1. Do we find a residue being over 30 Å from residue 150 (Cβ atoms) and surrounded by fewer than 15 Cβ atoms within 10 Å (Cβ to Cβ) anywhere in the stretch 13-29?
2. All but one of (1) at pLDDT 80 or above; (2) more than 21 Å from residue 127 (Cα to Cα); (3) in contact with a helix residue (DSSP H, G or I) (Cβ under 8 Å, 6 or more places away or on another chain); (4) surrounded by fewer than 16 Cβ atoms within 10 Å (Cβ to Cβ) hold for residue 82; which doesn't?
3. Quick one: which of 90, 49, 60, 96 is modelled with pLDDT of 80 or more and surrounded by 14 or more Cβ atoms within 10 Å (Cβ to Cβ)?
4. Name, by its number, the condition in (1) modelled with pLDDT under 80; (2) loosely packed, with under 12 Cβ neighbours inside 10 Å that does not hold for residue 167.
5. Would you mind finding the one in 37, 55 that is surrounded by 16 or more Cβ atoms within 10 Å (Cβ to Cβ), over 19 Å from the mean Cα position of the chain (by Cα) and closer than 20 Å to residue 168 by Cα?
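The values are calculated or read from the model by the stated rules, or taken from the named source; none is laboratory data. These numbers were taken from a predicted model, which means no experiment stands behind them. Glycine also receives a Cβ, built like all others from the backbone with ideal geometry; neighbour counts cover every protein chain displayed.
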């Protein structure tokens, strides 16, 4: 009896169970920390606390610090495990009905490249089928990873303050250029390397010399 597939299924099952348990525990820990942070928030930011209730703060804190990466990774592994049997059946059907064809011993010698390729694939069936199934499964798992990554990065990561403003329905913070405009009298300019000395403005003007 080939025990390799059973061992692989057992390992995948254990990883899924461990991922689910760890995700649930992480969410519980985050909510517990949010309750403790709410007390500190009332002390450190009393004005903001007057406009916020505990449930809103806990919800915003949980969104900002939730283990989304672990949850998405566990979900992707579960989906990949579920679609693997379906992918094997689909790839086998495609291989048998599209890629190769039955060889008729009474048929004449192939006259086209496509027919000859199919005949050779049928002759070397087990090896070609193994490669086709191997790379086909990798492609299906890659598709699951791609969709999961798109869903994960669809929501921008933000801090608790941004999530709290959204939950309360506050107006979004104004967005603009970082920093402020340099005054005309300032000899410093802001570049890629930070603040640097503007040589033209650092030189005193002749009319202002005393």
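1. no
2. So the condition that residue 82 fails would be (3).
3. Result of the check over 90, 49, 60, 96: 60.
4. (2)
5. Of 37, 55, the one residue that is surrounded by 16 or more Cβ atoms within 10 Å (Cβ to Cβ), over 19 Å from the mean Cα position of the chain (by Cα) and closer than 20 Å to residue 168 by Cα is 37.
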